[in-house]
Amino acid sequence: MKRMAALLTLALGTTTFMFAQDQSKGTEMTGTLCDQQCVKQDAGKATCDLSCEGKSGQAVFVDDEGKATKVENPEICKGKMGKKVKIHGEMKDQGMMHVYDVVFANAG
């Protein structure tokens, strides 16, 4: 019984550690996910035209400061386009961003 309890404690501890490590990947940023065709430039800042019906398939993250960055893995953005989100992401070559996690910004 003590072995089983020790193994369970070890497994839970390892899982918690791995989850915490995964969430720390990259930088947390807040902004809007937008289709590339719907990104508009206004006074040197990018904005997402929420009335746009564009469907290029290329996701762009527009941060709160108005900087637009293409998303390397747009499949993770499905269902969150045109919404205010928090992402964990990492900048890659050629101005691309790899997104690890996406959650709605107003979600608790």
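Every residue in segment 24-48 that is assigned to a loop (DSSP other than H, G, I, E, B) and under 19 Å from the mean Cα position of the chain (by Cα), please. Write out each step before concluding.
At the first step, the residues of segment 24-48 found to be assigned to a loop (DSSP other than H, G, I, E, B) are 24-26, 43-44.
Correct list: SER24, LYS25, GLY26.
Looking at (1) surrounded by fewer than 12 Cβ atoms within 10 Å (Cβ to Cβ); (2) touching a residue at least 60 places away in the same chain (Cβ under 8 Å), find the lone condition where GLY95 falls short.
(2)
Among (1) under 9 Å from the mean Cα position of the chain (by Cα); (2) in contact (Cβ under 8 Å) with a residue 60 or more places away in the chain; (3) within 15 Å of CYS48 (Cβ to Cβ), there is one condition GLY89 misses while meeting the rest; what is its number?
(3)
Does segment 27-36 contain any residue that is surrounded by 13 or more Cβ atoms within 10 Å (Cβ to Cβ), among the small types (Gly, Ala, Ser) and at pLDDT 90 or above?
Yes, segment 27-36 contains at least one residue that is surrounded by 13 or more Cβ atoms within 10 Å (Cβ to Cβ), among the small types (Gly, Ala, Ser) and at pLDDT 90 or above.
Across segment 50-85, which residue is surrounded by the fewest Cβ atoms within 10 Å (Cβ to Cβ) among those that are without any contact (Cβ under 8 Å) to a residue 24 or more places away in the chain and part of a helix (DSSP H, G or I)?
Within segment 50-85, the match that is surrounded by the fewest Cβ atoms within 10 Å (Cβ to Cβ) is GLU75.
How many of the residues in segment 86-108 are within 16 Å of ASP64 (Cβ to Cβ) and outside any strand (DSSP E or B)?
2
The values are calculated or read from the model by the stated rules, or taken from the named source; none is laboratory data. Keep in mind that this is a model prediction, so the values were computed, not measured. When we count neighbours, we look across all protein chains shown, and the Cβ atoms used for this are built from the backbone with ideal geometry, even at glycine.
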